[in-house]
Amino acid sequence: MASTVTDRPGYGQLLRTPGAWTFLLSGFAARQPFAMLTIGIVLLVQHTTGSYGSAGAVAAVTGVSMALFAPQTGKLADRFGQRAVLLPGVLAHGASVSVLTALALAGAPLWALFVAAVPTGASVPQVGPMVRARWAALLGATPEREASPLMATAAAFESVTDEFTFVIGPVLATALCTGVHPAAGLITEAALTLIGGLLFATQHRTQPAVRDTASDASRPRASALAVPGVRVLAVAFLGIGAVFGGMQVSLTAFAEEIGRPGANGLLYGVFAAGNMLAGIACGAIAWKSGPRRRLIVGYAALTLTASGLWAVHSVPLLAGLGLLVGLSIAPALISGYTLVDALVPASARTEAFTWLTGSVALGQAAAVTVAGRLADAHGASTGFVVPLVGTVLALITLVGLRSRLVPAAPGRTVARGVGHRKPVTVD
């Protein structure tokens, strides 16, 4: 049976949730640099080495490092609190970015950039998942209450916020790197991470409650990845990362190829704007279909729109098709994050969100590397094949394993140490 929501409150009521604004503003500032990091690395390293392949490889190391360490950050935040993780994290990230920037400008060998990229990625603060966890703490289901219908609106709002940062971040980083200095994008990213992260960390009243580690010491702590549905979503989100990474490198290479490097920020901004607009619409619609069905339909649309990118050779057409690709991403992202709230109990929710964020980063890292090498060897248009391949593989995974994306109700164990729930049908 499909779940029907006909009277879901909108954004106005969501933003009137007590305590929301205390973490929304600082959270927006803290997550803004995330959208600047990959493109900042690509532009700086490409400037110093002359190779998109090398630039993509360094950015890929950063993405892989983030993907590996992000879930551990989420697990620590669930156990010890967000503030305890954020404070040292933002300091480490600022220092790591500074080292990477200095090495690139000094003409250091590629292996040295790889080494510096590891702590740069590992220390990226997971502000987006932490904000989502705060919404879940305010609105999600607990033993004392049912989940608020505002949870779906919150998931859409967070997608809009994420994509708004991806409208601003790449454009800002590109403008700084091309108009001020090749290192200006990364320097700004480090400064914003430090300032925004510290401000967000001070908002401790709205952070999810920390579990009593003494009373839980005898209980095994399973990873959120032990939930089958989270594993399926993590694989699916690799495809979304492939779109982000493939678009960033390929659009940059395309703009350089036609002699209009400044068009890169505009093209990527249009792509991200499509995502943001779709996110706004998803939060405003009273859906009659469940998140699992919306996830599959959204991914099918994403695959279809990405299939034509490689054949487009003009700025207006590429901008138009990029807009359609962006419009298709938000439904998939929002549906995936909405499913997490139903699949995973509160005690492991931040970790679950970081697995998805880490998967996006890992897919982005792989796409940046492959698309960069394809662009170097065969031209910018071949790099656009990467988003298509990534989305096709992810769609096949979703369709084949869709039965594992069934949320659960109290009564049945879905993963030892994670929760006890019975499956329910949500299509």
(request) Round to the nearest 0.05 the FRET efficiency obtained for His181 and Arg16 when R0 = 41 Å and r is the Cβ-Cβ distance. (result) 0.45
(message) If I stretch the segment between Val210 and Ile195 completely, what's the gain in nm (0.36 nm per residue apart, minus their alpha carbon distance), one decimal?
(response) 2.9 nm
(request) Please give, to one decimal in nm, the separation of the simple spin-label points placed at Ala311 and Arg83, each 7 Å out from Cα toward the Cβ. (result) 5.7
(message) Could you tell me which residue out of Thr22, Ala173, Tyr268 lies farthest along the dipole of the chain toward its positive end? Charges go on the beta carbon: Lys and Arg +1, Asp and Glu -1, centred on the Cα centre.
(response) Thr22
(request) Please give the peptides 263-270, 55-62 ranked by average Cβ packing (other Cβ atoms within 10 Å per residue), highest first, as a rough proxy for protection. (result) 55-62, 263-270
(request) Only Cα pairs under 8 Å and at least 6 apart count here; give the relative contact order of segment 259-363 as a rounded whole percent. (result) 38
(request) Using only Cα atoms, find the angle between the long axis of helix 110-122 and the longest principal axis of the chain, and express it within 0 to 90 degrees, rounded to the nearest 10. (result) 20
(request) Pick out, from Leu91, Gly107, Gly229, the residue whose Cα sits farthest towards the positive end of the charge dipole of the chain, with +1 on the Cβ of Lys and Arg and -1 on the Cβ of Asp and Glu. (result) Gly229
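State to the nearest 20 debye the size of the charge dipole of segment 62-154 about its Cα centre, where the only charges are +1 on K and R beta carbons and -1 on D and E beta carbons. Working shown, then result.
Working: 6 positive and 3 negative charges, 18 e Å.
That gives segment 62-154 a dipole magnitude of about 80 debye.
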(request) May I have the convex hull volume per residue, in Å³, for the Cα set of segment 1-125? (result) 171
(request) Please sort 113-123, 244-254, 127-137, 331-341 by packing, taking for each peptide the average over its residues of neighbouring beta carbons within 10 angstrom, highest first. (result) 244-254, 331-341, 127-137, 113-123
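With only alpha-carbon pairs counted, each pair once and no self-pairs, how large is the Kirkwood hydrodynamic radius of the chain in angstroms?
On the way: mean 1/r = 0.0469 Å⁻¹.
One over the average 1/r among Cα pairs gives 21.3 Å for the chain.
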(message) Just want to confirm a number: the relative contact order over the chain, from Cα pairs under 8 angstrom separated by 6+ residues, in percent.
(response) 28
(request) State, to one decimal in nm, how far the label point of His47 lies from the label point of Ser289, with both points 7 Å from Cα in the Cβ direction. (result) 4.5
(request) With N set to the residue count of segment 13-57, report its C-alpha Rg divided by 2.2 N^0.38 Å to two decimal places. (result) 1.88
(request) Taking the dipole about the Cα centre of the chain, with the C-beta of Lys and Arg at +1 and of Asp and Glu at -1, give me whichever of Leu43, Val344, Val58 is farthest to the positive side. (result) Val344
(message) Accessible area of the chain with a 1.4 Å probe: how many percent of it is carbon plus sulfur?
(response) 67
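The values are calculated or read from the model by the stated rules, or taken from the named source; none is laboratory data. These numbers were taken from a predicted model, which means no experiment stands behind them. Positions of Cβ are generated from backbone atoms using ideal geometry, with glycine treated the same way; all protein chains shown enter the neighbour counts. Accessible surface areas use protein heavy atoms only, side chains included; no ligands, DNA or RNA. Shrake-Rupley method; radii C 1.70, N 1.55, O 1.52, S 1.80 Å.
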